[in-house]
Amino acid sequence: MSQKIAGVKGMNDILPPDIYVWQHVEAVARDVFRRFGYAEIRTPMVEDTALFVRTVGESTDIVGKEMYTFEDKAGRSLSLRPEGTAPAARAYIEHAVYNLEPITRWSYFGPMFRYERMKTGRYRQFFQAGAEAFGVSEPAQDVEVIDLVWQLLKDLELEGVTLHLNSLGDDVCRPEYQKRLVAHFSARASELCADCQVRLQRNPLRIFDCKNPGCQEVAKGAPSVLEFLCAPCRAHFEEVQRKLGLLKLPYRLNPQMVRGLDYYTRTAFEFIAADPSLGTASAVGGGGRYDKLVRSLGGPEIPAVGMALGLDRLCLLVSRSKKSFAPTPDLFVATVEASAQDEASRLVSEFRRIGFWVDFDPRGGSLKSQMKRADKSGARFALVLGAQELSSRTAELKPLRGGEPGRVSFDEIPAALRSGQPKG
Ligand code: AMP
């Protein structure tokens, strides 16, 4: 026997019945995107490495440590996308969408890749559903994106999720804050890990992302970004909070929440689940405003705000409810004897053509084994065909989940399946 080849570490197969939870979560997300008017985009899974270096930031863990980067045959440096916002902004600029409409609302679904340490809820290929709104600088747009996430979580019937909210300021006020951060961390530099020593030089905000307990301890006493906001950033942030209040959307201020990406300005947020099984992988989604990103990629000055949800984690939480999302056949067709197989398969094909999900065992076999299979399939009805049924074109339609069986002619079967009653 040849040696088995395993899947890549950190990259999961999603098979039935788990896939039904995924399909449910994706359907709910699609419906919420529809209600908010976020049209779907699909961008490639591979981009020029520079796209992420320039936007997510060289000193972030995502770009510095976690990206799957390789050279193609022509020697270009390409990367598997670690996130969806930079590709969306790239496509927005490349197609000059700002010339077509003043506001662009996009959504996306797809796999993202980060070479991370794995645990429950943290993988190397994971899936996100995201939304981006280009063209609006008003705080109401930030709140719309947050409202979208809250509506999605409600439709998934997920409870115990908290919205952490912060403002990261902008080019005007952040430099002063960074100076104060450097002063704070420099005074306790010896307590920081080697990585954070480098971060202190290059990008002190990133120290807040460090999972090292020593660094987290030093970060606890750091000055709050909210105390350094300039007047316009402060006004923006206050308006975001006022509008969240207006829509009765709960939030908790968290000045230490800086997001692990460099492109954010002003509003930043994260949705954190209380479920203990997720541990440190408790963020189910996050986002914020990125008013400088389009410009930094060579586009015009266009404000934007967006979010991304981790579908793997949402599916884990939804599957805790133990609810089944598996769809079931409308009908199981069984045969009494082998000679009925031909005519049965003709009938099965006919029912499928007019839209019913019909389960049928092409192997035939004993009626008992077929009926066992019918029960297991979860079908609503079973139809048992033998020579007599085929000549009279009538058969017993047996409800498999309670109810009285009834004898119906073949012509009546579609109506019976639609009404859910053996007699249509
Ligand atoms: P981020 O923009 O990095 O905060 O990612 C947005 C969301 O994607 C997070 O809140 C997580 O739910 C999810 N996510 C990020 N990284 C991973 C990962 N390695 N595995 C599974 N989900 C992830």
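The values are calculated or read from the model by the stated rules, or taken from the named source; none is laboratory data. Here the structure is a predicted model, which means the values were calculated and not measured. Don't worry about glycine lacking a Cβ; one is built from the backbone with ideal geometry, like all the others, and counts go over all protein chains shown. Just so you know, the surface numbers come from the protein's heavy atoms only, side chains and all, with ligands and any DNA or RNA stripped out. Shrake-Rupley method; radii C 1.70, N 1.55, O 1.52, S 1.80 Å.
If I ask for residues that are hydrophobic (A, V, I, L, M, F, W, C) and open to solvent by 40 Å² or more (accessible area, probe 1.4 Å), which ones from the range 365-399 would you list?
LEU367, ALA387
If I filter the range 205-228 for residues that are more than 29 Å from GLY64 (Cα to Cα) and of a type in the set (Val, Ile, Thr), do I get at least one hit?
Looking through the range 205-228, none of the residues is more than 29 Å from GLY64 (Cα to Cα) and of a type in the set (Val, Ile, Thr).
Having 2 or more residues that are among the acidic types (Asp, Glu), within 16 Å of the ligand (Cβ to nearest atom) and open to solvent by 40 Å² or more (accessible area, probe 1.4 Å) is the bar; report the helices (runs of 4 or more DSSP H) wholly within the range 15-96 that clear it.
Fully inside the range 15-96 and qualifying: 18-36.
Might you let me know whether the range 166-184 holds any residue that is among the polar types (S, T, N, Q) and either open to solvent by 70 Å² or more (accessible area, probe 1.4 Å) or outside any helix (DSSP H, G or I) (or both)?
Yes, the range 166-184 contains at least one residue that is among the polar types (S, T, N, Q) and either open to solvent by 70 Å² or more (accessible area, probe 1.4 Å) or outside any helix (DSSP H, G or I) (or both).
Taking PHE351, is it of a type outside the set (D, E, K, R), more than 30 Å from LEU163 (Cα to Cα), away from the ligand (no atom under 16 Å from the Cβ) and modelled with pLDDT of 95 or more?
Yes, satisfied.
Here's the yes/no breakdown for (1) near the ligand (Cβ under 10 Å from one of its atoms); (2) buried (at least 20 other Cβ atoms within 10 Å of the Cβ); (3) among the acidic types (Asp, Glu); (4) farther than 27 Å from PRO87 by Cα:
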residue: GLN216; (1), (2), (3), (4): no, no, no, yes
residue: GLU227; (1), (2), (3), (4): no, no, yes, yes
residue: ARG242; (1), (2), (3), (4): no, no, no, yes
residue: ARG252; (1), (2), (3), (4): no, no, no, yes
residue: VAL258; (1), (2), (3), (4): no, yes, no, no
residue: LEU309; (1), (2), (3), (4): yes, yes, no, no
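Here is a list of conditions, (1) modelled with pLDDT under 95; (2) away from the ligand (no atom under 11 Å from the Cβ); (3) under 22 Å from the mean Cα position of the chain (by Cα); (4) not aliphatic (A, V, I, L, M), and TYR290 meets all of them except one; can you say which number that is?
(1)
Residues are listed down the side, and each one gets a yes or a no for (1) within 10 Å of the ligand (Cβ to nearest atom); (2) part of a helix (DSSP H, G or I); (3) among the hydroxyl-bearing types (Ser, Thr, Tyr):
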{"position": "GLU270", "(1), (2), (3)": "yes, no, no"}
{"position": "THR280", "(1), (2), (3)": "no, no, yes"}
{"position": "ARG295", "(1), (2), (3)": "no, yes, no"}
{"position": "PRO300", "(1), (2), (3)": "no, no, no"}
{"position": "VAL305", "(1), (2), (3)": "no, no, no"}
{"position": "ASP312", "(1), (2), (3)": "yes, yes, no"}
{"position": "ALA340", "(1), (2), (3)": "no, yes, no"}
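Quick one: is SER369 at pLDDT below 95, assigned to a helix (DSSP H, G or I) and either away from the ligand (no atom under 16 Å from the Cβ) or of a type in the set (Val, Ile, Thr) (or both)? Even if it seems obvious, please write down each step before you answer.
Working: at pLDDT below 95: no; assigned to a helix (DSSP H, G or I): yes; either away from the ligand (no atom under 16 Å from the Cβ) or of a type in the set (Val, Ile, Thr) (or both): yes.
Answer is no for this residue.
Mind listing whichever residues of the range 314-335 are of a type in the set (S, T, N, Q) and either open to solvent by 30 Å² or more (accessible area, probe 1.4 Å) or within 16 Å of the ligand (Cβ to nearest atom) (or both)?
SER319, SER321, SER324, THR328
Test PRO303 against the stated conditions and say whether it is open to solvent by 10 Å² or more (accessible area, probe 1.4 Å), touching an Asp or Glu at 6+ places or on another chain (Cβ under 6 Å) and not aromatic (Phe, Trp, Tyr).
yes
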